[in-house]
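One structure is given here, and the rest of the page talks about it.
The values are calculated or read from the model by the stated rules, or taken from the named source; none is laboratory data. Computed from a predicted structure; not experimentally measured. Note that each Cβ is placed from the backbone with ideal geometry, even for glycine, and that neighbours are counted across all protein chains shown.
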Amino acid sequence: MDLQKGLPVTHISHDEVVKAMCTCSLCGTPLKFHHVTDFKAKQVQEAAQCPACGIKTKVNVFDLQ
Ligand SMILES: [Zn+2]
């Protein structure tokens, strides 16, 4: 049976997603998060860095509501 082939992956739990986002994709070390709030632009910039190998993830920008 191959009924699930081609369907979007929706069975990943929220915890798994968060865990994947919070650990280094190279070495699995928990990432250090930095948040910078720009009140003028009404945005929060989120960046994460691995303390072990030093890679930085892309910066996520959230609009303040
Ligand atoms: Zn790492």
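Take the residues in the range 42-65 that are charged (D, E, K, R) and more than 12 Å from Lys32 (Cβ to Cβ), then tell me which one is nearest to the chain's Cα centre (by Cα).
The residue in question is Lys58.
Pull out all pairs, ordered by first then second residue, where Cβ-Cβ is under 8 Å, the residues are six or more apart or on different chains, the first lies in the range 52-65 and is over 11 Å from Leu26 (Cβ atoms), and the second is more than 16 Å from the ligand (Cβ to nearest atom) and part of a loop (DSSP other than H, G, I, E, B).
Going by the 8 Å Cβ cut-off, the qualifying pairs are Asp63/Lys42; Leu64/Phe39; Leu64/Lys42.
How do the strands (runs of 3 or more DSSP E) wholly within the chain filter down when requiring 3 or more residues that are at pLDDT 90 or above: which remain? Walk me through how you get there before you give the answer.
Numbers: elements: 32-38, 43-49, 60-63.
Once the strands (runs of 3 or more DSSP E) in the chain are filtered for at least 3 residues that are at pLDDT 90 or above, what remains is 32-38, 43-49.
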